[in-house]
Amino acid sequence: AVLSNVSNQIIVPSYKILNARIGCLAADVETFKLDLNVDNLIALRVSLKEARLAWQWSNLYDFGPAADAELSSILNTFPIDQEGIEENIDVENFAVEAIIPPDEKGFVAIAYLIYGTEITDDQIVQRFVDNTNRLIYLEQVVGQVSRRVTKVVQNWTANSESYLFTFQDNIGTNDNSSLSLLTNAITRSFERKIRDRKIAIPLGLGTGSGPLPNSVEALY
């Protein structure tokens, strides 16, 4: 009963909300592509924020389909490699599924592209106007995010052989049981994603380097 409730009422709805909001993000990218202006840029930022907020809830369930899709790494690796992103744009490297590493794509890379650093909104739009490669890179990164999340949702819900039933049938408390997978995933989220990454990295804990303010999750 616990596994059924958690999967049907919490996990699957969380991923569906994330998928829907990423769908809105992708749609807003297309709108921005067709009409490069500040208003569409701002709308794109709103949809990115909504998608990232949805991710904060669904990233707790990083096992099964999400682990297979390397969802956490693909979507939310930070800090990113700004120089690597700019080099990819310059040399027309759009191979997000093959060559480009996690710290040059995902939510944080999208944020970098549509917020920039210390430049105005008009200047950001002009960057896209002047360099179509920048827009292609944005499309490719958002496309990968969308494909990965859609795949996770499909693997949870597609049919009678979906992971939903595997999860619900895997009762017990051993290391590979669903209860164990769920508990360990939530624990990892708090220990690694929140404590070690969101907090410890920007504070410079364990590095001896002092605070690293540019290493926060939502820098841009």
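The values are calculated or read from the model by the stated rules, or taken from the named source; none is laboratory data. Computed from a prediction, not measured in an experiment: that's the story for all the values here. Here the Cβ is made from the backbone with ideal geometry for all residues, glycine too, and neighbour counts use every protein chain on show. Side chains included, ligands, DNA and RNA excluded: accessible areas come from the protein's heavy atoms. Shrake-Rupley method; radii C 1.70, N 1.55, O 1.52, S 1.80 Å.
Observations on the model:
- Among the residues of region 52-80, those identified as of a type outside the set (Val, Ile, Thr), within 16 Å of residue 107 (Cα to Cα) and free of Cβ contacts under 8 Å to residues at least 60 places away in the same chain are 53, 54, 55, 56, 57, 58, 73.
- Residue check, residue 148 in contact with a helix residue (DSSP H, G or I) (Cβ under 7 Å, 6 or more places away or on another chain) and of a type in the set (D, E, K, R): yes
- Count of residues meeting criterion [in contact with a helix residue (DSSP H, G or I) (Cβ under 6 Å, 6 or more places away or on another chain), in a helix (DSSP H, G or I) and among the charged types (D, E, K, R)] in region 46-67: 2
- Among (1) open to solvent by 60 Å² or more (accessible area, probe 1.4 Å); (2) β-branched (Val, Ile, Thr); (3) farther than 18 Å from residue 12 by Cβ, the one test that residue 145 misses: (1)
- Neighbours by Cβ (under 6 Å, 6+ apart or cross-chain): first from region 194-220, under 27 Å from residue 114 (Cα atoms); second of a type outside the set (Gly, Ala, Ser) and outside any loop (DSSP other than H, G, I, E, B): 211/203; 212/202; 215/201; 215/202; 216/202; 217/198; 220/112; 220/115
- Pick from region 33-45, criterion outside any helix (DSSP H, G or I) and either hydrophobic (A, V, I, L, M, F, W, C) or touching a residue at least 12 places away in the same chain (Cβ under 8 Å) (or both), ranking: farthest from residue 135 (Cα to Cα): 37
- Just one of the listed residues (75, 135) is open to solvent by 10 Å² or more (accessible area, probe 1.4 Å) and assigned to a helix (DSSP H, G or I), and it is 135.
- Checking each residue of region 4-21 against the condition of being at pLDDT 95 or above and over 21 Å from residue 154 (Cβ atoms) gives at least one match.
- For region 78-93, filtering for residues that are in a loop (DSSP other than H, G, I, E, B), of a type outside the set (Val, Ile, Thr) and either surrounded by fewer than 19 Cβ atoms within 10 Å (Cβ to Cβ) or touching a strand residue (DSSP E or B) at 6+ places or on another chain (Cβ under 8 Å) (or both) leaves 4.
- Filtering region 60-72 to residues that are under 29 Å from residue 124 (Cβ atoms) and open to solvent by less than 10 Å² (accessible area, probe 1.4 Å) leaves only 71.
- Put simply, of 120, 157, 183 the only residue that is over 15 Å from the mean Cα position of the chain (by Cα) and under 20 Å from residue 86 (Cβ atoms) is 120.
- Residues of region 173-187 classified as assigned to a loop (DSSP other than H, G, I, E, B) and at pLDDT 95 or above, total: 1
- Within region 1-32, the residues that satisfy the criterion of being hydrophobic (A, V, I, L, M, F, W, C), part of a helix (DSSP H, G or I) and surrounded by fewer than 20 Cβ atoms within 10 Å (Cβ to Cβ) are 2, 3, 6, 10, 17, 20, 24, 26, 27.
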